[in-house]
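The structure appears right after this line, and notes come after that.
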């Protein structure tokens with residue numbers, strides 16, 4: 001719904017906001033007039049007038065550019081003074097993603113969302129749900145000594161869940177745990193002993209942390225999701241492999257929240273059925 005503003009009120013708001021922006025930036029009337037390409041007397045009259053008249057679009061645009069604010073804000077068409085480029089930069093950031101969860105930024109995002117529900121679609125089995133032996137098998141060849149850091153980071157994440165008063169909900173495709181049990185795909189070469197231990201570990205974690213930790217399995221034949229984490233109402237992060245793409249604007253955070261909630265509603269195995277599902281996978285381990 002568009003709210004119509006009286007022309008006198010809009011003109012008054014323009015003068016008030018223009019003066020506020022000048023005070024914020026330290027711009028004098030002479031300096032602003034010079035940058036806007038008008039006489040100082042024109043700008044002075046504009047600031048002192050109490051009538052309903054507004055300057056032309058060119059002058060509004062020049063003043064906005066000179067002061068680093070948006071023309072929409074000066075004209076009361078927006079409550080955000082930032083220019084479009086600044087709004088986009090604030091709403092979207094790209095952060096480098098390391099191979100393992102030795103990542104202070106990821107942990108900072110978790111801490112920022114303390115008290116809110118965290119919704120997570122992992123790229124594979126979440127590191128925090130892996131045994132230390134599995135982490136060594138997975139990261140050892142690529143990371144060497146920093147594998148121990150990955151193990152420590154995973155434990156830190158679990159410890160945080162235990163004390164943070166935040167629900168942590170995970171949605172994964174069915175095939176992830178099946179491939180783990182079979183030792184196929186990504187898990188080719190993982191011994192039967194480690195696969196047994198991993199299924200036992202997931203079951204134990206779920207029993208210990210439920211309902212703060214909930215796991216759902218969706219059918220990838222029916223649903224698809226890129227790796228994404230939604231940190232409460234504040235932030236949504238897409239994992240691109242080499243980078244994280246982080247969104248802070250409300251519209252995209254809500255969109256990705258609805259996407260995750262759909263995965264949960266359409267899941268083939270809900271959080272209460274995870275233990276039985278894990279039991280059903282054990283015969284696949286050979």
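The values are calculated or read from the model by the stated rules, or taken from the named source; none is laboratory data. None of the values given here were measured: they were computed from a predicted structure. As a convention, Cβ positions derive from the backbone with ideal geometry for all residues, glycine included, and neighbour counts pool all protein chains shown.
Of all residues in segment 262-279, one or more are over 24 Å from the mean Cα position of the chain (by Cα), part of a helix (DSSP H, G or I), farther than 20 Å from residue 120 by Cβ and modelled with pLDDT of 95 or more. Suppose we keep only residues that are in contact with a helix residue (DSSP H, G or I) (Cβ under 8 Å, 6 or more places away or on another chain) and under 24 Å from residue 208 (Cα atoms) within segment 176-191. Which one would you say is surrounded by the fewest Cβ atoms within 10 Å (Cβ to Cβ)? Top of the filtered list is 178. Please work out if residue 54 is modelled with pLDDT of 80 or more, outside any helix (DSSP H, G or I) and within 28 Å of the chain's Cα centre (by Cα). Judged against the criteria, residue 54 is not a match.
Taken as a whole, segment 224-240 holds at least one residue that is in contact with a helix residue (DSSP H, G or I) (Cβ under 7 Å, 6 or more places away or on another chain), assigned by TED's automatic domain parsing to the domain that holds residue 112, more than 21 Å from residue 113 (Cα to Cα) and in a loop (DSSP other than H, G, I, E, B). Comparison of 188, 131 shows that the only residue that is more than 24 Å from residue 267 (Cα to Cα) and either under 22 Å from the mean Cα position of the chain (by Cα) or touching a residue at least 40 places away in the same chain (Cβ under 8 Å) (or both) is 131.
When segment 193-202 is limited to residues that are more than 28 Å from the chain's Cα centre (by Cα) and in contact (Cβ under 8 Å) with a residue 40 or more places away in the chain, the one that is nearest to residue 161 (Cα to Cα) turns out to be 201. Is it fair to say residue 153 is surrounded by fewer than 16 Cβ atoms within 10 Å (Cβ to Cβ) and either modelled with pLDDT of 70 or more or assigned by TED's automatic domain parsing to the domain that holds residue 249 (or both)? Against the criterion (surrounded by fewer than 16 Cβ atoms within 10 Å (Cβ to Cβ) and either modelled with pLDDT of 70 or more or assigned by TED's automatic domain parsing to the domain that holds residue 249 (or both)), residue 153 does not qualify. Here residue 220 meets each of (1) closer than 25 Å to residue 106 by Cα; (2) touching a strand residue (DSSP E or B) at 6+ places or on another chain (Cβ under 7 Å); (3) not in a helix (DSSP H, G or I) with one exception, condition (1). When restricted to residues that are at pLDDT below 90 and loosely packed, with under 13 Cβ neighbours inside 10 Å, segment 9-22 contains 1.
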